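Q: Structure in structure tokens, see below.
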Amino acid sequence: MMNALIARILLCLPLLIFVTPGPLYAATNVEISEELTTLYRAARKVISDNQGHINNAAIGDKGLSGEVVADKTLENYQKATGKTITKAKMTQAQAAMLNAVKKVMDDNQDLINEKGTGLKGFLPAIFARQVATTFSLDMKGKMNIKLTAPKKYVRNRANRPDKWEHNVVETIFKSPDYEKGKSFFEDTKVKGKSAFRFILPEYYGPSCLGCHGTPKGERDITGGKKEGGVLNELGGAISLTIFH
């Protein structure tokens, strides 16, 4: 009787072992991607919130060192997610993101603190692009992150969507049936290498329209031409790649 019971238990064990790894693996990649893209947004928000301060020609030292902005980034992340990232228990990728934030801010101190100059061109999008480049280099081919957008709204060629990003933006994010703000992700290939790809849509808010709104073609404060975007329109995306 006991031997028969043990035999039945042993027969069930392979099934339990077989079915558990798949969902756990997928959830890990999604969690990593959500954390990093939210952290990236949290850093960019610091610059957006302090744009007027940065452009104040009457003030020299703005008090926005790399360390200060990194701390404010973690505060924004906690407010957005309800979760705390501690410096003592960061993952490699989280540390690389904050180190990129620090480096970009420290490298731009002379520009940010230039007294007598108003608009300095140190905008949230410029900051975010520099952070993305620094982070991707630091991760040494393990991960990369970038800002991208529908092709008609891309100002910097380095931010042009690749084929995968373009397809997601045009056929998925722009679909009337797709849930607004929802990320998209899948396992795919990047230049022949297996990778997990995650992309998060972003929509024009009131603060975006000063540079990207209407009338289309009019020069904005940076000298660039406005794209004619409207409130809540899909204006960009954050794209993250994790290589297997």
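The values are calculated or read from the model by the stated rules, or taken from the named source; none is laboratory data. Here the structure is a predicted model, which is why all the values come from computation and not from measurement. A quick note on method: Cβ atoms are made from the backbone with ideal geometry, for glycine too, and the neighbour counts reach across all protein chains shown. The protein model used for the area step is the full one, side chains on, heavy atoms only, and it has no ligands, DNA or RNA in it. Shrake-Rupley method; radii C 1.70, N 1.55, O 1.52, S 1.80 Å.
Q: Of all residues in the stretch 168-185, which are surrounded by 12 or more Cβ atoms within 10 Å (Cβ to Cβ) and either part of a strand (DSSP E or B) or not basic (K, R) (or both)?
A: Hits for the stretch 168-185 are V168, V169, E170, I172, F173, Y178, S183, F184, F185.
Q: Continuing with this model, one more query. With respect to P215, determine if the residue is at pLDDT below 90, of a type outside the set (S, T, Y) and farther than 22 Å from K45 by Cα. Reasoning before the result, please.
A: Numbers: at pLDDT below 90: yes; of a type outside the set (S, T, Y): yes; farther than 22 Å from K45 by Cα: yes.
Yes; evaluated as a whole, the condition is true for this residue.
Q: Just to verify a result, which residue in the stretch 128-155, among those that are of a type in the set (S, T, N, Q), open to solvent by 20 Å² or more (accessible area, probe 1.4 Å) and in contact with a strand residue (DSSP E or B) (Cβ under 6 Å, 6 or more places away or on another chain), is nearest to T171 (Cα to Cα)? I'd like the intermediate steps shown before the answer.
A: Taking the stretch 128-155 as the starting set, the residues that turn out to be of a type in the set (S, T, N, Q) are 130, 133-134, 136, 144, 148.
Then keep just the ones that are open to solvent by 20 Å² or more (accessible area, probe 1.4 Å); that gives 130, 133-134, 136, 144.
Narrowing further to those that are in contact with a strand residue (DSSP E or B) (Cβ under 6 Å, 6 or more places away or on another chain): 136, 144.
Working: S136: 27, N144: 23 Å.
That would be N144.
Q: Looking at the stretch 83-127, which of the residues that are in contact with a Phe, Trp or Tyr (Cβ under 7 Å, 6 or more places away or on another chain) and assigned to a helix (DSSP H, G or I) is most open to solvent (accessible area, probe 1.4 Å)?
A: Applying the filter and picking the extreme gives L111.
Q: Quick one: T73 ticks every box in (1) open to solvent by less than 70 Å² (accessible area, probe 1.4 Å); (2) modelled with pLDDT under 95; (3) of a type in the set (S, T, Y) bar one, so which box is it?
A: Result: T73 passes all but (2).
Q: Could you list all residues from the stretch 156-165 that are under 14 Å from V190 (Cα atoms), open to solvent by 30 Å² or more (accessible area, probe 1.4 Å) and in a helix (DSSP H, G or I)? Break it down into steps so the answer makes sense when it comes.
A: Looking only at the stretch 156-165, we keep the residues that are under 14 Å from V190 (Cα atoms), and these are 161-165.
Pick out the ones that are also open to solvent by 30 Å² or more (accessible area, probe 1.4 Å) and you get 162-164.
Answer for the stretch 156-165, where residues must be under 14 Å from V190 (Cα atoms), open to solvent by 30 Å² or more (accessible area, probe 1.4 Å) and in a helix (DSSP H, G or I): K163, W164.
Q: Which of the residues that make up the stretch 159-210 are farther than 24 Å from E35 by Cβ and of a type in the set (A, V, I, L, M)?
A: Of everything in the stretch 159-210, just one residue is farther than 24 Å from E35 by Cβ and of a type in the set (A, V, I, L, M), namely L209.
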